[in-house]
1. Per residue, how big is the convex hull of the chain when only Cα atoms are used? Give it in Å³.
2. Relative to the Cα centre, what is the charge dipole magnitude of the chain, using +1 at the beta carbon of each Lys and Arg, -1 at the beta carbon of each Asp and Glu, and rounding to the nearest 20 debye?
3. Among all the lysines, which ones have a C-alpha under 23 Å from Lys107's C-alpha, if same-chain residues fewer than 8 places away are not counted?
4. I need two numbers for region 72-145: Rg to one decimal and Dmax as a whole number, Cα atoms only, in Å.
5. Which stretch or stretches of region 113-145 have amide N atoms under 12 Å from the point lying 7 Å from Asp31's Cα along the Cα→Cβ direction?
6. Using a 7 Å offset from Cα along Cα-Cβ at Glu46, what residues in region 68-112 end up with backbone N under 12 Å from the label point?
7. Neighbouring Cβ atoms within 10 Å as the yardstick, rank Ser69, Ser18, Ser118 fewest first.
8. If the chain between Arg143 and His114 were fully stretched, how many nm would it gain, using 0.36 nm times the residue separation less the Cα-Cα distance?
Amino acid sequence: MTKPIYVLNGPNLNLLGSREPEIYGKTTLADIEKMVADRAVTLGLETDFRQTNSEGELVTWIQEAREGSAGLILNAAAYSHTSIAIFDALSALDVPIMEVHLSNIFKREEFRHHSYVSPIAQGVICGLGAQGYELALDAIRGRLD
Ligand code: DQA
C-alpha cells in the first residue's frame, strides 16, 4: 500500500473560521481538510490530516513521518518561528516537505519573518489561504514521480 502524505497543522489552527478572520479568513480547518482530501483523490494520493496545539506532539508526528509518509505538508503555525525541536525533527526526514502558511507572514510582524521550517522545506507557500495546501499537494505529487 502507498504511504499517505502527512498534512500537519500546529497550534491555534483548530480555531480557523472564528480566529482573526480578517487575517485567516472564514474557512475552517475542517473545510481545508475536505479540500485537501478532494485534491488528493484527483492526484491519486492519500492524506493523513492532523492538528495539535502541542509542540511535542508535532515533533512526534514528524518523526513518525520518517517511516509512515511519502511526503509532508506542514503548517507549524507559531512554532514555525520558535521551534528548534521541529527544525531538528525535519532535518531527520527524507521525504518532500512543503511549508504552508495561510497568511503572508512577510506582510506581518517582524517576528513572523523567520521560520525554522523554511531552511529544510523544498518549498514555501504563504499568503494564499487554503489554496496553499492544494498547491503544496500538487508540488509533492510532482516530486514523487
Ligand atoms: C500561520 C502564520 C503564523 O505566523 C501564525 O502563528 C499562525 C498561522 C498561517 O497559517 O498564516 O498561527 O502559520
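1. It is 95 Å³ per residue.
2. Computed charge dipole of the chain: roughly 220 debye.
3. The qualifying lysines are Lys26.
4. Values for region 72-145 (Cα only, Rg and Dmax): 11.9, 38 Å.
5. Residues 129-131 qualify, since their backbone N sits under 12 Å from the label point.
6. Within reach of a label on Glu46, which here means backbone N under 12 Å from a point 7 Å along Cα→Cβ, region 68-112 contributes 68-70.
7. By the 10 Å Cβ count, ascending: Ser18, Ser118, Ser69.
8. 7.9 nm
Every number in this text was worked out from the coordinates using simple rules, so none of it is lab data. On a predicted model such as this, the values are computed, not experimentally measured, just so you know. Cβ: placed from backbone, ideal geometry, glycine included. Neighbour counts: every protein chain shown.
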